[in-house]
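Enquirer: Below you will find the structure I want to go over with you.
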Amino acid sequence: MIYAFLGFELDEERFELRREGRALRLEPRALDVLFYLVKNRERVVPKDELIEKLWGVKFVSESALHHSISKVREALAESSNQETIRTVHGRGFRFVAALGEPVESSPAPAPASLNAPAEPPPPAPAVPAGGAPRIRRPWFVPAAALALAAAGGVVLVARSRNGPAPAPASAPAGQPASTGEPRQLTSGLSTAVKPAFSNDGKMLLYVSNDPANPEKLDIYVMSSHGGNAWRLTEGIHPSGDIPVFTADGDEIVFSRRRSGEDGTRLTDLWRVGSMGGPPRLWIAGASGAAFSRDGRLAAFTKHGAGRSPLVLGPAGRPGDAVEIAEPGFVPRFSPDGTSLAYTTSDPNGTEGVLCIRTLATGETRVLTKEPMQMYGLAWLSDNRTLVFAARQHGRFVLWKTSGGADPAPLTLGFGDFSSPSVSPDGETLVFAFASESANLFVADSLAGPASRVTSDEYHKWIRLSPDGLHAVSVVQRAAPEDGLVLTGVKTLRRTKLFSGLPHHPCWAGADRVAFLVDAAGGGTDIVSVSIQTLERRTETRFAFPASWLAVAPGGRRLAVARRSETGGSALVVRDLDRSSDTVLAEGADYQAVRWSADGHALAWSGPREGGSRETNGVWLQREGGLPVRLADDGYGPIFEADGTRVLFTRLGEFAGLWRVPAAGGAAAKLRAFDRGVTGVDVARGTLLWTQDSGRHQIFSLALPR
């Protein structure tokens with residue numbers, strides 16, 4: 001239906017609010033609130049009802065609702081001064097504007113550039129149903145732009161979340177305009193990720209879950225043309241790298257992470273029949289398998305002793321495999337079997353480069369210049385073009401490179417595009433798209449009730465101010481830049497501190513925030529900004545790519561992790577007064593670095609997922625001492641105010657907030673968390689965290705013949 005009032009049109013089919021035919025910018029949650037109030041305009045809608053119906057939970061604070069109501073009123077006030085939503089104190093809200101007779105909405109016409117014949121939506125996979133969510137369609141490069149093997153430019157057409165796509169630019173000479181459009185293969189409330197074609201192109205596997213139990217991930221198989229899917233495993237939780245079919249298609253090989261309090265979060269490779277059957281362990285301490293099309297060779301990553309080398313050997317005798325790269329992840333054989341592509345980026349968190357190894361000569365070429373975190377890659381049938389998913393501090397984007405040319409992005413917009421796979425005939429690309437959110441939640445104590453601070457946003461690298469009243473975070477944007485934002489956790493007041501691509505912010509005193517910005521030439525600038533005046537200055541520059549900034553009390557010593565293209569990193573401390581650098585530790589992956597309140601100790605952890613038994617967990621190093629591991633399994637250390645105890649988080653069956661004495665000893669669990677919690681901070685008794693949510697589905701796109 002279309003509801004008309006005060007010159008506005010509220011269109012249910014297109015999920016938008018318009019004024020004189022122009023769609024107004026309004027947060028999705030605010031639109032949900034407006035629709036609900038309009039449909040229930042004959043009565044006062046209680047606050048609790050709005051929260052439960054629209055947020056789906058009861059523990060969200062009223063501040064989130066008031067934020068959405070405020071956004072609706074702001075949008076309507078741009079064009080009208082009349083009252084539309086009335087607050088009935090002590091009860092709730094009511095829509096009071098005069099409403100015209102609702103009319104039926106017609107489906108939005110397809111943009112001229114995407115005028116392929118309409119086809120019915122694909123049937124949902126055979127996973128537990130619960131109603132299809134509204135998918136906010138990503139921005140795609142249509143089929144002509146994905147003529148990956150062709151020379152010349154590309155046609156880029158963006159489909160906006162806030163209106164119809166713009167008309168396409170003129171196609172380069174000799175290239176027709178696109179008529180293709182991505183097709184959604186999966187639907188429903190279930191997550192669907194990590195798609196991969198079988199060697200004959202007839203089947204497609206992916207990883208999904210039961211909507212009633214989001215943590216129960218399993219492997220599903222469906223026809224590559226879509227339709228019903230069947231589940232192959234039962235609660236196996238295939239974590240880590242992307243599953244693949246064996247060369248003959250009879251089995252699927254997948255990674256599964258061990259979950260152990262002792263830090264044994266290594267991955268093992270398992271096999272399961274592509275028509276079902278009991279899974280069985282294939283290779284312990286390994287991940288990321290690939291098979292040559294003739295079935296003779298297998299490549300995989302072998303983990304252990306702080307190393308993750310890529311090994312290659314006979315598919316039937318994995319014990320005979322030999323090391324060919326260190327590190328090496330996500331191997332993929334070229335269709336003709338002459339080359340092996342891989343990355344030095346662990347898909348679970350570290351950055352690296354894309355490489356191709358010629359098997360006959362052992363020659364290795366590096367195809368990318370800047371370190372990026374990568375998640376999936378695939379060959380086209382021409383044996384020279386690769387599509388891969390990668391990100392630098394922001395979202396995952398699909399890229400392509402052909403014949404050694406610099407990679408070019410294939411997708412734009414808000415959300416993550418990952419795990420590409422190409423059919424053997426080179427005619428179809430499938431990938432996972434996630435329209436994710438990671439909202440801020442706050443509690444007044446470590447075990448207190450939770451309140452949601454933001455809605456439908458994606459916050460990264462959160463840090464609480466020393467007084468616990470403000471949060472600073474990097475908010476992922478739809479545009480190709482992110483924003484450094486200050487949020488009052490009580491007032492909800494927002495201040496934009498920086499635009500661009502800032503990363504790993506931290507507090508450098510009570511009213512100043514420091515953060516990292518990639519500098520020209522591969523270095524990293526440390527920039528700080530006043531939260532009062534917004535005055536900004538560059539504090540220093542590191543000549544290398546740096547991450548995980550931590551500023552010591554007083555602001556004169558900085559700690560960063562020095563990233564390496566070949567894997568691993570070093571923990572570097574810079575004394576600004578002495579203009580000197582000290583390597584405090586090296587040889588591991590240093591994340592979530594923190595100073596103690598007295599500035600005499602540093603804490604860090606290994607990666608959130610993956611890593612190695614030797615380097616995982618929570619570590620502490622006092623001034624003049626050696627690193628000591630406080631917990632074998634854990635992430636994100638936080639010193640409590642007096643420095644005698646350290647807080648951290650765990651995943652898996654031990655998921656939650658934990659505390660351990662800084663002097664060593666047994667850890668105690670303070671609070672349960674979902675696996676979706678990605679960032680946590682504590683200050684003055686206030687607990688802040690981000691919790692992931694969103695929609696992950698699989699799309700296919702026809703490639704030009």
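The values are calculated or read from the model by the stated rules, or taken from the named source; none is laboratory data. Being a predicted model, the structure only gives us computed values, none of them experimental. In this analysis, Cβ positions are derived from the backbone assuming ideal geometry, glycine residues included, and neighbour counts consider all displayed protein chains. SASA here: full protein model, heavy atoms, side chains in, ligands and nucleic acids out. Shrake-Rupley method; radii C 1.70, N 1.55, O 1.52, S 1.80 Å.
Enquirer: Of the conditions (1) open to solvent by 10 Å² or more (accessible area, probe 1.4 Å); (2) of a type outside the set (K, R); (3) at pLDDT 85 or above, F254 fails just one. Which one is it?
Expert: For F254, the failing item is (1).
Enquirer: Take the residues of the range 650-670 that are open to solvent by 20 Å² or more (accessible area, probe 1.4 Å) and touching a Leu at 6+ places or on another chain (Cβ under 6 Å): which is farthest from P627 (Cα to Cα)?
Expert: Only one residue tops the list, namely L670.
Enquirer: I'd like the full set of residues that are open to solvent by less than 20 Å² (accessible area, probe 1.4 Å) and either of a type in the set (F, W, Y) or in contact with a helix residue (DSSP H, G or I) (Cβ under 8 Å, 6 or more places away or on another chain) (or both), limited to the range 520-554.
Expert: F542
Enquirer: For the range 90-103, check the following and say yes or no: at least one residue is of a type in the set (V, I, T), modelled with pLDDT of 85 or more and at negative phi.
Expert: To start, the set of residues in the range 90-103 that are of a type in the set (V, I, T) comprises 96, 103.
Right, trim to modelled with pLDDT of 85 or more and you get 96.
This time we only want the ones that are at negative phi, so: 96.
Within the range 90-103, one or more residues are of a type in the set (V, I, T), modelled with pLDDT of 85 or more and at negative phi.
Enquirer: Now a separate question. Please specify each residue of the range 215-230 satisfying the condition of being within 21 Å of F699 (Cβ to Cβ) and of a type outside the set (S, T, N, Q).
Expert: Listed by number, the residues that qualify are L217, D218, I219, Y220, V221, M222, H225, G226, G227, A229, W230.
Enquirer: So V387 fits all but one of (1) surrounded by fewer than 23 Cβ atoms within 10 Å (Cβ to Cβ); (2) assigned to a strand (DSSP E or B); what number is the exception?
Expert: V387 satisfies every listed condition except (1).
Enquirer: Here's another thing I want to ask about it. Counting just the residues of the range 558-583 that are within 25 Å of G304 (Cβ to Cβ) and hydroxyl-bearing (S, T, Y), which one comes out modelled with the lowest pLDDT?
Expert: Among them, the one singled out is T566.
Enquirer: Of the residues A592, A641, A603, only one is among the aliphatic types (A, V, I, L, M) and in a loop (DSSP other than H, G, I, E, B); which?
Expert: A641
Enquirer: Within the range 330-352, restricting attention to residues that are small (G, A, S) and within 10 Å of S292 (Cβ to Cβ), which residue is most open to solvent (accessible area, probe 1.4 Å)?
Expert: Checking each candidate, the answer is G337.
Enquirer: Quickly run through the range 297-317 and pick out the residues that are of a type outside the set (A, V, I, L, M, F, W, C) and either part of a strand (DSSP E or B) or surrounded by 13 or more Cβ atoms within 10 Å (Cβ to Cβ) (or both).
Expert: T301, K302, H303, G304, G306, R307, S308, P309, G313, P314
Enquirer: Additional query: What residue, among those in the range 588-625 that are among the charged types (D, E, K, R) and out of contact with any Phe, Trp or Tyr (no Cβ under 8 Å at 6 or more places or on another chain), is modelled with the lowest pLDDT?
Expert: E609
Enquirer: Residues that are open to solvent by less than 60 Å² (accessible area, probe 1.4 Å) and aliphatic (A, V, I, L, M): find the strands (runs of 3 or more DSSP E) completely inside the range 463-513 holding 1 or more of those.
Expert: Those strands (runs of 3 or more DSSP E) span 470-475, 482-488, 494-500.
Enquirer: Search the range 681-705 for residues being hydrophobic (A, V, I, L, M, F, W, C) and open to solvent by 20 Å² or more (accessible area, probe 1.4 Å), and hand back the single one that is modelled with the highest pLDDT.
Expert: Here the answer is V682.
Enquirer: Could you figure out which of (1) open to solvent by less than 60 Å² (accessible area, probe 1.4 Å); (2) closer than 27 Å to S239 by Cα isn't true of F639?
Expert: Condition (2) is where F639 drops out.
Enquirer: Are any of the residues in the range 18-41 free of Cβ contacts under 8 Å to residues at least 12 places away in the same chain, of a type in the set (D, E, K, R) and not in a strand (DSSP E or B)?
Expert: yes
Enquirer: R365 passes all but one of (1) in a strand (DSSP E or B); (2) surrounded by 15 or more Cβ atoms within 10 Å (Cβ to Cβ); which number fails?
Expert: Going through (1) in a strand (DSSP E or B); (2) surrounded by 15 or more Cβ atoms within 10 Å (Cβ to Cβ) one by one, R365 breaks only (2).
Enquirer: Same structure again: Only residues that are surrounded by fewer than 21 Cβ atoms within 10 Å (Cβ to Cβ) and at positive phi: list them for the range 270-296, please.
Expert: Passing the criteria: G276, G277, G285, G295.
Enquirer: Follow-up. How about the range 13-27: which of its residues are touching a Ser or Thr at 6+ places or on another chain (Cβ under 8 Å) and crowded, with 16+ Cβ neighbours inside 10 Å?
Expert: Matches in the range 13-27: R14, R19, E27.
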